Amino acid sequence: MSASVLILPVSYYAYAVKRFKNRGQSINWLYLGKDFSAVNPLENKLPSHFRQIIVGKLHNIVAERIRKPFIDWLDELNDLRGTNKEWWFESVSCRNVYESDLFQNCCYVEIIRGIFSQNSLELPTIIFVDSEGLANVLAAWLRQERVKVILYRHFFIGKTIKRSLSSLHNYCFFICQLLSRLMAASFTRAHGQQKKTILGHPRILIDTFIHANSFQDSNSFYDPYYPGLYQFLESKSYSIMIHPVLDIAQMNFYSLYKQMRKSNYQFVLPEDYLRFRDYASIILYPLRFFGRGIKTMPFLGIDITPLIKEERRFALFSGPMYAVLIYRFFMRFKQNQPSPEIILDWYENQVIDRAFIFGAREAFPKAKLIGVQMFMHSLNFLNHFPTKTEVRFRVVPDTVLCVSKLQCEMAKAFSDGFRCLPCAALRSAHVFDNLPDIDQDVIKKNILVLLPYIHDEALELLSLVREAKKLLVQDIAIRIKSHPFLDMGSLSLKIGEWPGQLCDKTLKEEFSRALVVVGTHSSSLVEALACNRPVIFVARQNCFSHNPLVAIPDGIARVCYSSSELALALTYYYSLSLSERSRFKAESLRIRDLYFTPVSEETLEPFLGN
């Protein structure tokens, strides 16, 4: 094959410009990475004869094709390593796509294999990458195919140093968090007496996320993850204990611990049980991590060892160290507390969930262990789907609850060896309510944009919305609703001028005003469909997307990969008459009943293990 390829990080784009400055023909380039803020400025920095190849659509096709082989490959690795509990705390085994780029990079390798095996005129001359490991794997395969590869190792020195410092910073920051939490727990023990569990009443331990806005006043706790569940449990005479999962990005724990101490519920704080030996084990985790070598197998005939070594070399330790903390907490907790009848885990199959499951099973083997997945499944979000080895090594709860029968079927994509039941869709109960009546002229002028909680995804979505707005001739107002955990301050610094008005009303209120709902990776998009509002899913351009709408027919929902496609979709929905829009009603009711289970006494029973 007579071709040559330059592989380099985005930061060295000037070298590519200099090298191909005087070429007469177009220079095709593509970006294999998910850092939108890094690649987006390239459009204005590269010469006009540099033409980008967008791989977002192809990426999702490739991900669909290699997803099951990747899980089978990982299951083989789990079989070799699974007897060590801490293996399950590693990013490789967890496959959380927001902490591990392994599956993402395997998709990139398959994309390049597909492009070059077709030997088309659209071969890239330049490949920008974020990962040196990916660059090495691509270079090795391309050279086997007799493609001339230009790859200078010194291009990646700066990125290697930066990622090493990031790992060190992450480790040190987590140690500071441990100390901060320990001091907060110690200083607040005198601030109020917690409500205690009632003797003779059945006990339930609930694992849930705690944030600064979880307390409505000085001692009233509200759990947005389980709205209405606590009242149901109390009506059944259950005594409630709460295991708090704290935001690992914050440092000011004092006021939060003070509120938990004074709460109307009993918060089980790990710092009240852990001892010096436990903290030593947590702090020394990196030594055990690097002491565990790892032997891998080729994936689809490609040696991906450089990808795995890179992932482990630059591992962020906060998640696994938090997992060790949770596991050791249970080993102490069992020495001081009788067994609860039910243990409820907010189950995303992250490393902290695995530690919670291991610890709870070992500490309280007779308790019913229930994992709750109260969200829409997206097949590229690999960790949400238990695998065969996870079932075999008992890393999965006794029962998994999902918000509908369909979601239970989806949760079993990689293994059907665990019990899964539909339960009340507590967080989406509003989809069974009627939307308030709003003047149709108001609705026709409003587009609702839902921002995800991942900063880079939100930035890419807003950028595409802004470009699409320039292409519209209609007078349309854009309303933007942020995810509650998105850092809006940081986003504002990068977005510049907002393409619309920020709003803070409830989803139900915003849906009632919206002609169409635009977003990415959000269960709220399915809620919008169930509320008879068309939805546009905006896919990512350079990496795979997390689309919860794959089973939704075209018409009431559309997928867009560019600003021009988004503008066309918005124009389509704007041009529909009221009678044409009314035909979506029957489909929205079908979606509501397919994706959600209404809240009732009967549908709440699965939370009790029934």
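The values are calculated or read from the model by the stated rules, or taken from the named source; none is laboratory data. Bear in mind the structure is a predicted one, so any value in this text is a computation, not a measurement. Quick reminder, even Gly has a Cβ in these numbers, built from the backbone with ideal geometry, and neighbours come from all protein chains shown. Side chains included, ligands, DNA and RNA excluded: accessible areas come from the protein's heavy atoms. Shrake-Rupley method; radii C 1.70, N 1.55, O 1.52, S 1.80 Å.
Within the shell defined by Cβ-Cβ distances under 11 Å, the residues around A424 carry a net charge of -2, with Lys and Arg each +1 and Asp and Glu each -1.
Residue separation of L502 and R583 scaled by 0.36 nm, minus their Cα-Cα distance, works out to 26.1 nm of gained length. Phi-derived couplings, Karplus 6.51 cos²θ - 1.76 cosθ + 1.60 at θ = phi - 60°, listed residue by residue for the range 146-161: 6, 9, 6, 10, 10, 9, 9, 4, 5, 4, 9, 4, x, 5, 5, 4 Hz, with x used for Gly and Pro. One chain, two ends: M183 and L486. Fully extended at 0.36 nm per residue, the span grows by 106.3 nm beyond their Cα-Cα distance. Put simply, when 81-90, 373-382, 137-146, 228-237 are sorted by average Cβ atoms within 10 angstrom per residue, most first, you get 373-382, 81-90, 137-146, 228-237. With no solvent and one point on each alpha carbon, what is the Debye value of log10 I(q)/I(0) for the range 448-594 at q = 0.11, 0.15, 0.18, 0.19 Å⁻¹? Result of the Debye calculation: -0.38, -0.72, -1.07, -1.20. L168 sits among other residues whose Cβ lies under 13 Å from its own Cβ, and their net charge, with Lys and Arg +1 and Asp and Glu -1, is +3. The K366 and M331 beta-carbon pair, evaluated with R₀ = 22 Å, returns a calculated FRET efficiency of approximately 0.85.
With the simple spin-label model, which puts each label point 7 Å out from Cα in the Cβ direction, the C176 to S37 separation comes to 1.9 nm.
Solvent exposure of the range 236-316 amounts to 44 Å² per residue of accessible area, where only protein heavy atoms count and the probe is 1.4 Å.
For the pair the range 27-95 and the range 310-383, the centres of their Cα atoms are 26 angstrom apart. Using alpha carbons only, how many angstrom separate the centre of the range 385-433 from the centre of the range 456-492? Here the two parts' Cα centres lie 32 Å apart. Here the accessible area is traced with a 1.4 Å probe on the protein chains. For the chain, carbon and sulfur cover 53 percent of it.
Computed from backbone phi, the HN-Hα couplings of the range 125-138 come to 8, 10, 10, 8, 9, 9, 10, 5, x, 5, 4, 5, 5, 4 Hz, rounded to whole numbers (Karplus: 6.51 cos²θ - 1.76 cosθ + 1.60, θ = phi - 60°; Gly and Pro given as x). Karplus-derived 3J(HN,Hα) values for the range 102-107, using 6.51 cos²θ - 1.76 cosθ + 1.60 with θ = phi - 60°, are 5, 5, 4, 5, 5, 5 Hz; glycine and proline are entered as x. Net charge in the neighbourhood of G301 (other residues with Cβ under 12 Å of its Cβ; Lys, Arg +1, Asp, Glu -1) is -1. Modelled label positions at Q231 and D593, each set 7 Å beyond Cα in the direction of Cβ, lie 2.7 nm from each other.
Full extension of the chain segment joining L493 with S4 gains 172.1 nm, where the gain is 0.36 nm per residue of separation less the Cα-Cα distance. Normalise the Debye intensity by I(0) for the chain, one equal point scatterer per Cα, no solvent, then take log10 at q = 0.10, 0.11 Å⁻¹ and round to two decimals. Evaluating at q = 0.10, 0.11 Å⁻¹ gives log10 I(q)/I(0) of -0.99, -1.19. Farthest towards the positive end of the charge dipole of the chain, among the residues F290, L134, I54, is the Cα of F290, using unit charges on the Cβ of Lys, Arg, Asp and Glu.
Sorted by mean Cβ packing within 10 Å, highest first, what order do the peptides 321-333, 43-55, 562-574 take?
On the way: 321-333: 22.3, 43-55: 13.8, 562-574: 18.4.
In descending order of packing, they fall as 321-333, 562-574, 43-55.
Antiparallel as a % of all DSSP beta bridges within the chain, to the nearest 5? The answer is about 5 percent antiparallel. The label point for E509 and the one for K162, both projected 7 Å from the Cα toward the Cβ, are 4.1 nm apart.
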